[in-house]
Every structure is written in C-alpha cells, then in structure tokens.
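Please read the structure below before turning to the comments.
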Amino acid sequence: MSSRSRRSRDPVPRRALLRYGAGTAAAAGVVASWDRLTGRDIPGRDGRALVVALPGNAFDPAAQRALREGFRRLHPEIDVRLRPVQAVDMSDFVAKILTQVAAGSAPDVVYIATEGTQLFAERLGVPLDNRVRRDAAELREYFADVHPSLVESMMYEGSLYQLPVEFNAANLYLNHEALARAGLELPDQDWDRDDFTALLRAMKRAGPDGFVPYFWTNRLWGGVVPWLFVAGTNILAESRAPGGGWLWDAFYPAEEGRRRGGGYRWTTPQATDERVEEVFDYLAGLISDGLCSRPVGGGGSNLVGVFSAGRVGATPAGGFWAGGLHLAGMDRDGYDVRFFPGWRTRRHQFGGAGYALLRTSRKQDEAWEFIKYSVRREVLDELFLSNQTTPARRSMLTAERYRETGPAGWRTFYDTLDRFPDTGPIPAPPRLTEVELALTKHTATALAGGRGSIRPALRAMQRDLEQAMERAA
C-alpha cells in the first residue's frame, strides 16, 4: 500500500505484534510486574485466590485488569488472580500448563484454544454439562447469540468443556492497491478457485518486482488446511461423536440438533487421499507460476508490514487482522475481506478459544462463576475493543465496531458460520503436536521441489500421522 493510504501512528504496541506473530513473549509484563515484586507469581503463593491461566498475549494489561476487576465487583467474595503464561504458541502453552500441573501449582481455569481443547478434555478438563443444565435460564441468551459450530468445537465425546469466547475463520484479505494496479474490483463473495487463480495472474502481471500475489504461512491454521476443506477433504478422517442432545435440545432449534453431535473425532490418516494430492498439486502450480509464496513456517512475523505496503496481494486471515492492520497504520479503505474461494465446497476452517475448568481445582464452583462471567456481552465488549479477534457472540459484530478499523466487509467474519454451517474447526485431536508437526514438515517438503516431490512427501506424512494416531489409541 502506498504511503498516501497509511496513517501516521505510534509504533505498533508489543501486544499487537504478539497476536499477529511479530514480537517476543513479553506482552503481559506490565500487569505481571506487581505480582513479581510481591512474589505472588511464584507457584504455591496464590493462597486462596482463584487462579486463571491465559497465554501472555491473549489480552493486553488493560483488558486483564478489566477482566479481573469486573469479576471482583460481581463476586467480591472470590479473589481472582490472572496468571499470564508466556509461550511461543498454543502447543508451548499447553506444555507449560502440564508442567505446572505436574509441579503441583495447577491453575483452576485455563484459557484454551481449539488446538488444546481435546487434549485438556481428555486429560485435565471437567465437563460443564451439569452446570450448564442447572444454569440453563441464565445461559439461554448466551447460546442464542453463539453459533452452534463454535459450541460443538468445544465438545468432546458428548460433553461440553468450554464456552466459546472468540474465534477466527480463515477468510481471505485482499489489498486494494494491488487490485487497482491490475484493474480489478473486489471479487464477488461466491467466487471459486478459478476466479482466485485468474485474480492472482492479473495481480502478478501488474505487480512490481518482489510482489507476491498470494502469501500463506505453513501452519495448522490458515496454511494448507483451508484448501483441504474447500476441496472436500482433510488430513484425518472426520466424524462426530455421539451425544450432545442434552445441549442441542435445550438451546438450539431442532434442525441444529439433527445435524450436530457430541464433538468432533479425527481418526484415520488420509494424507494420500487423491483430493489431498490434488490440493498440493494446485498449490505447487501456483508456486511454479510465481503466484504465491513457498510455504513459510512460523506466524508470518512480517506479514502485516508487507501487506500494508502493497507487496502482498492476498492472504488468509481472520477477524483478528482487522485490529492488526489498524494498529500497523493501514487505513480501513486499503483492504477488504472475502470468503475463502470455493472449490467442491464452501466449507471454511476456524479456530476458537474459551476457558476450561481443571479437574485438579478445589474451587470448581468459583471457577464456573468466572467462566460464565467471561462470556457476558459487556465483558467481551471491554476485552475486544481493538478488534484483535472475532467475538463468539454474533450480536457484537456491528458496523460501529468496525467503523474505525474496517474492513468494509466485516459481515464476512460471522457470515462464514451462518452461510456455511458445515464450517468446522482445524483438525485438533488429543495428539495435536505430532499431527501438526507431520503436516507442516511434509508440506514444506512436498512444495519445495516441484510436483515430483508431492507424492513421496504425502506418503511420509501418512506414515507419521499413522504412528501418531497409533500412539493415541
């Protein structure tokens, strides 16, 4: 994007850099400093407080204070302490929580993303079913405001383990300057893979040296998986666990209950499926033609900068990028967002997050009160002022919310769920770390050496996935 369309702003706050993958793990240092000085951050010194662990980059210090102090006003009898845990990613965060549990300093509540939902449910979590049934009248308004796909993603083997707080689907962000150079308008929302390819070719012809029409990061969320979903496949066979009727019957229309279940199951590896190979062949073709980047690991640390500078034309991202681009100084009219292009399906992938109750907690009733508090509309309004994510509550997505940050197509974020109800979570079985490693490692190999590398790499991915799932059995 040209300098004309960028606003003069202060440097990007460290917290924003962390969420968008461009910083170090120190965002919560301000709020943690008092605990450090008083020694309250040392395991075993939490006393009688309800301890809530969350990734250090989940909420900035002001949001953490609002969360803590607001809860105390509602429940003055419950002393709550937030424990930011600095971690590189969700896998690292989960590992550190497990270490705390083993050391006898487990928190009572943990903020967990989709990547850790089934691991925590299987090993540490407490089903919320009975509490949800008991407090159904209090929660009815919440569930009416939250898409059932998000709720189902936080179920495991028939039970609910988290209340969704936020989510991000893999939509496609488009740079207006790159489109204008190519004489293009924004594509229609019903566009498909062929339209997408033609758009990239036009951008490439009009772009300057070093311009990348499509940039993507090699990771579980937003990497090759969105293409697998729209192609009608996945790296693991997907099905639904039985159960869950208790929830669907209580809070959702009958037709939702008929299409839902008790959570997702990811089982048999299918990396050598012909549709998986077809996706890799398509991406290899884009790379060969200079239309997209080779798979890059990590969180895309410099992507916000190169996109806002007009050096990238399109990239997959979720609602979190609205806040990220705004904080980076990009005007709301410099970009927009569309659904991911269709193929055989329009199914999108998403990842979500919410608070889980640990079975080691001796304050489970107090923890449940915090979990309910965390999904109140007024609480989420306070936490997500900067549009650093997509709220799980549909009613929070309004024109006023996106008036300053953009994008103009903000409805895309929740419409992804409403228009495509089969949209589902990233494949995240309990042995996620091994699954993710197999995917990213062999994706890099498959697309590094041209089309001839694809089949051997997918066979190796299949072998590693089979070994991972066998160890889980």
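The values are calculated or read from the model by the stated rules, or taken from the named source; none is laboratory data. Everything numeric in this text was worked out from a predicted model, so none of it was measured. Cβ atoms come from the backbone with ideal geometry, glycine included; neighbour counts cover every protein chain shown. What goes into the accessible areas is simple: the full protein's heavy atoms, side chains included, and nothing from ligands, DNA or RNA. Shrake-Rupley method; radii C 1.70, N 1.55, O 1.52, S 1.80 Å.
A few comments on the model shown:
- Unique residue being open to solvent by less than 10 Å² (accessible area, probe 1.4 Å), in a loop (DSSP other than H, G, I, E, B) and among the small types (Gly, Ala, Ser) when the list is Ala468, Ala399, Ala428: Ala428
- Verdict on Ala241 being hydrophobic (A, V, I, L, M, F, W, C), surrounded by 14 or more Cβ atoms within 10 Å (Cβ to Cβ) and either out of contact with any helix residue (DSSP H, G or I) (no Cβ under 9 Å at 6 or more places or on another chain) or without any contact (Cβ under 8 Å) to a residue 40 or more places away in the chain (or both): yes
- Among all positions in segment 178-187, there is at least one residue which is open to solvent by less than 10 Å² (accessible area, probe 1.4 Å), assigned to a helix (DSSP H, G or I) and more than 18 Å from Trp266 (Cβ to Cβ).
- When the residues of segment 114-151 are filtered to those that are outside any helix (DSSP H, G or I) and modelled with pLDDT of 95 or more, the one that is farthest from Phe59 (Cα to Cα) is Asp135.
- Residue count, segment 244-275 (criterion: part of a strand (DSSP E or B) and open to solvent by less than 70 Å² (accessible area, probe 1.4 Å)): 4
- Against the numbered list (1) open to solvent by 10 Å² or more (accessible area, probe 1.4 Å); (2) in contact (Cβ under 8 Å) with a residue 12 or more places away in the chain; (3) in a loop (DSSP other than H, G, I, E, B), Glu366 comes up short only at (3).
- Only a single item in (1) more than 30 Å from Ala121 (Cα to Cα); (2) open to solvent by 10 Å² or more (accessible area, probe 1.4 Å); (3) outside any helix (DSSP H, G or I); (4) not aliphatic (A, V, I, L, M) is not met by Arg346, and it is number (1).
- Residue within segment 401-414 that is among the aliphatic types (A, V, I, L, M), in contact (Cβ under 8 Å) with a residue 60 or more places away in the chain and within 24 Å of Ala169 (Cβ to Cβ) present: yes
- Within segment 87-137, considering residues that are without any contact (Cβ under 8 Å) to a residue 60 or more places away in the chain and farther than 16 Å from Ala53 by Cα, the one most open to solvent (accessible area, probe 1.4 Å): Arg134
- Any hit, segment 66-81, residues being in contact with a helix residue (DSSP H, G or I) (Cβ under 7 Å, 6 or more places away or on another chain), at pLDDT below 80, open to solvent by less than 20 Å² (accessible area, probe 1.4 Å) and not hydroxyl-bearing (Ser, Thr, Tyr): no
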